[in-house]
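Read the structure below first, then the notes.
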Amino acid sequence: MNQDEDKLHEEAEEIRRETAQGAPELAEHDRLAELEQALEEANSKALYAAAETQNVRRRLEAEKSQAANYAAAQFARDMLAIKDHLDRALAAVSDELRGDKLASSFLAGIESTSRELESAFARHGITRIDSVGEKLDPHRHQAMMEIPSDEAEPGTIVEEMQAGYMLKDRLLRPALVGVAKKPD
């Protein structure tokens, strides 16, 4: 059946060519059909190119936005070390030393610096990760040890060795934690 269709198609083409030789308007019609088909192909290619350009533009804008939002990540990590040192210094001060007038004014300066650093973090989308009392989340916490506990359910964080932080919706640094386990 396929051969019969091909033969019919060839015969129809032959008749059309013979007719077109004697009728310039038919040749004009064929030329117009060819031009319309070429125009349709060119329009299709132009639409495809425009869509591709739009996709590239959208992708570049998203990458630019991400680069702007997260460009300071390494600087923020470096600042976390300073925050850790300030917190350790404040935690190491005894009540007796806090009572001393000279030491207390010195401590007030350290506390003020720590608060200002926290405020700068908040302005730039850096937030501390909640840990103690939470379930261990491997995307935000790094378990450093297991601690036998009757009070806490296994897998619950009972101690934080180092605070973790997020930069907007990305992990800046995981919290280093101790996780509860059943006593032996």
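Quick note: the coordinates plus some simple rules give every number you see, no bench work behind them. Model, not experiment: these values are computed from the prediction. No Cβ is skipped: glycine too gets one built from the backbone with ideal geometry, and neighbour counts run over all protein chains shown.
Seen against the Cα atoms of the chain and their longest principal axis, helix 24-70 is set at about 0 degrees. Would you mind checking the tilt of helix 73-92 against the longest principal axis of the Cα atoms of the chain, expressed as 0 to 90 degrees and rounded to 10? Roughly 20 degrees, rounded to the nearest 10. Result for the chain in a Gaussian network model with C-alpha springs under 10 Å: among Ala72, Ala122, Ala49, the largest mean-square fluctuation is at Ala49.
Within the set of other residues whose C-beta is less than 9 Å from the C-beta of Ile147, count the net charge using Lys and Arg as +1 and Asp and Glu as -1. Neighbourhood net charge equals -1.
Computed over the alpha-carbon pairs of the range 1-109, the distance histogram in 10 Å steps reads 11, 14, 13, 11, 9, 8, 8, 7, 6, 6, 6, 1 percent, short to long. What FRET efficiency would be calculated for the residue pair Glu18, Ala46, taking the C-beta separation as r and a Förster radius of 41 Å, to the nearest 0.05? About 0.65, to the nearest 0.05. Loop-located GluC sites (Glu not before Pro) across the range 97-184 with a Cβ neighbour count of 16 or fewer within 10 Å are Glu134, Glu151, with loop assigned by DSSP. Helix 101-123 and the longest principal axis of the Cα set of the chain meet at an angle near 10°. Classify the range 89-136: rounded, prolate or oblate, from the alpha-carbon gyration tensor (a ≥ b ≥ c, eigenvalue square roots; a/c under 1.5 rounded; otherwise prolate if a/b is larger than b/c)? Note, shape of the range 89-136 comes out oblate. Could I get the Rg over Rh figure for the chain? Both from C-alpha atoms, Rh via Kirkwood, rounded to two places. In the chain, Rg relative to Rh is 1.54.
My understanding is that a pair violates if its Cα-Cα distance is over 19 Å; which of Lys83/Lys181; Lys83/Lys135; Lys135/Lys181 do that in this structure?
Violating the 19 Å Cα-Cα cut-off are Lys83/Lys181; Lys83/Lys135.
Charging the Cβ of each Asp and Glu at -1 and of each Lys and Arg at +1, and nothing else, the dipole of the chain about its Cα centre rounds to 1760 debye. Panel note: the C-alpha atoms of the range 88-184, placed on their principal axes, show extents of 48, 35, 17 Å (largest first). In the elastic network of the chain, a GNM with C-alpha springs shorter than 10 Å, the most mobile of His29, His85, His141 is His29. What does the charge add up to near Ser104, with Lys and Arg as +1, Asp and Glu as -1, over the other residues with Cβ less than 13 Å from its Cβ? Every neighbour counted, the sum reads -2. Note on Asp87 and Arg123: the extension gain reaches 11.0 nm, defined as 0.36 nm multiplied by sequence separation minus the Cα-Cα distance.
The spacing between the range 80-152 and the range 34-76, judged by their C-alpha centroids, is 45 Å. Global dimensions of the range 50-108 from alpha-carbon coordinates: Rg and Dmax equal 23.3, 73 Å.
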